Amino acid sequence: MNKVLQGCVWMMLWHRIVGYPLDCKEDQQDGTRCPSITLDKLLERVIQHAELIYRASEETCTLFEETFAPLATRPQLSRGGSACGVRSVPGSKSEIQQISDKWLLHSTLILIKSWISPLHSLQITLDLYDNAPDDLLNKTKWMSAKLMNLEQGVIVLIRKMLNEDSLASEPSQNLTHYVAQPNMVESLLTDYTLLSCFKKDAHRVETFLKLLKCRQTDRLGCFLF
């Protein structure tokens, strides 16, 4: 019953957020930069997207474990998160606290861009599994689509807050080496590692955006826990 209730709440929030415009395509028709939405409202909507993406990543990891990993193999799977690559974005709490708003936004965009291709590849891999549940496939596709929406939202934030078009440099590390392996066990470990690493970065994106919002009202009182 609890899982059903959680699923209903998640779907209600999902449909609520899906309708939020993050790319301002209609506003751009007259050459302006999203004048119809305030910065506070745009930041709020971007954070809501990031929160749901992170929540979906947690649920996807759990569903993957329950579907493909017997209890005896879960400790091995859980070590997959330690294999996450390191990119040129702040990682420690002290580093995050000290970086400027500009680099907070740029680091967020780097993380988002770095996962668009791997998540798309994961969809293809999961479709090849004989017993992959529809819920797992749907959540993965949803995260992939919403991540691209989030990318556009952060680009609009950069335009509004920094008067810049976008981040010029590309992610420093390519994650496309996460591909399905011929051996089923290796393939499962690879895919779970990808999901675990995405969950970590999704949480970092959410943290960066919430810190940015906090700084708009109480710069000295914003702390990471």
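A short reminder: the numbers here are calculations on the coordinates, not readings from a lab. None of the values given here were measured: they were computed from a predicted structure. So basically every Cβ, Gly included, is an ideal-geometry build from the backbone, and we count neighbours across all protein chains shown.
Peptides 95-104, 137-146 ordered by packing proxy, namely the average of other Cβ atoms within 10 Å per residue, highest first: 137-146, 95-104. At full extension, residue 99 and residue 117 could sit 3.8 nm farther apart than now, given 0.36 nm per residue minus the alpha carbon distance.
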